[in-house]
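Peer 1: Before I ask anything, let me first share the structure, which is written out below as structure tokens.
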Amino acid sequence: DSRPHWYFEPGKHGGTINDIAIHALDFIPWMTGLEIKSFAAARTWKAFDSKCDCFNDAAQFMLVLNNGCGVLGDVSYSEPDSHGYKMPHYWRFTVWGTKGVIEFNCIENKISAWIQGEKEPRVIIPEHYSGPRYIDWFLMELDGKEAELNTAVVLKRARQALELQQMADHFSD
């Protein structure tokens with residue numbers, strides 16, 4: 001099993017949304033330039049063989065961005081451990097817009113685009129990201145320089161993850 005034993009000890013795990021969704025809560029505003037306006041729904045439940053009743057290993061949520069766009073997320077521990085992080089479903093994003101759909105994931109170095117008016121999907125190979133890394137932003141902030149990712153943003157995303165987890169914890173079937 002790829003997870004440490006404390007995941008399955010009562011009171012040790014902060015929740016599946018808090019553990020996994022925080023990365024999406026960080027990435028989506030960075031990717032879109034839009035802020036999270038509200039949480040529409042969240043739930044967690046025990047769906048897989050997770051070694052203890054205290055661990056809800058499935059989680060889904062719905063967000064609303066500040067332009068009204070809806071975001072649906074599933075951050076369940078559903079990928080087979082034996083494949084590690086190699087499956088294209090791992091961190092897959094599908095973005096629907098008024099002029100088409102794009103889909104990408106963190107495994108394959110491509111973006112698939114289905115554009116309105118075109119007959120075939122496009123495959124886009126993105127350029128290698130050469131911008132600042134997390135450590136660069138951290139060092140910039142230490143030097144008193146303005147950084148895109150800074151302590152205020154990190155704390156905001158952590159609070160959002162905790163609030164979304166709390167919403168899920170209070171959901172009942």
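The values are calculated or read from the model by the stated rules, or taken from the named source; none is laboratory data. The model shown is predicted, which means the values in this text are computed figures rather than measured ones. So basically every Cβ, Gly included, is an ideal-geometry build from the backbone, and we count neighbours across all protein chains shown.
Peer 1: Do you know which of the residues in the range 98-109 that are over 20 Å from HIS83 (Cα atoms) and surrounded by fewer than 15 Cβ atoms within 10 Å (Cβ to Cβ) is modelled with the lowest pLDDT?
Peer 2: This residue is THR98.
Peer 1: For the list (1) more than 22 Å from THR94 (Cβ to Cβ); (2) modelled with pLDDT of 90 or more; (3) hydrophobic (A, V, I, L, M, F, W, C); (4) surrounded by fewer than 15 Cβ atoms within 10 Å (Cβ to Cβ), I need the number of the one condition that VAL154 fails.
Peer 2: Failing condition for VAL154: (4).
Peer 1: If you take the residues in the range 6-39 that are of a type in the set (Gly, Ala, Ser) and crowded, with 19+ Cβ neighbours inside 10 Å, which one is nearest to LEU149 (Cα to Cα)?
Peer 2: ALA24
Peer 1: All but one of (1) free of Cβ contacts under 8 Å to residues at least 40 places away in the same chain; (2) of a type in the set (A, V, I, L, M, F, W, C); (3) touching a strand residue (DSSP E or B) at 6+ places or on another chain (Cβ under 6 Å) hold for ALA147; state the number of the condition that does not hold.
Peer 2: (3)
Peer 1: Can you tell me which residue within the range 135-173, out of those that are acidic (Asp, Glu) and outside any helix (DSSP H, G or I), is nearest to the chain's Cα centre (by Cα)?
Peer 2: Filtering the range 135-173 for residues that are acidic (Asp, Glu) and outside any helix (DSSP H, G or I), the one nearest to the chain's Cα centre (by Cα) comes out as GLU148.
Peer 1: Does GLY117 fit the bill of being surrounded by fewer than 14 Cβ atoms within 10 Å (Cβ to Cβ), of a type outside the set (Phe, Trp, Tyr) and more than 22 Å from GLN60 (Cα to Cα)?
Peer 2: Here the answer is yes, as GLY117 does meet what is asked.
Peer 1: Would you mention how many residues in the range 40-85 are touching a helix residue (DSSP H, G or I) at 6+ places or on another chain (Cβ under 8 Å), surrounded by 18 or more Cβ atoms within 10 Å (Cβ to Cβ) and assigned to a strand (DSSP E or B)?
Peer 2: 8
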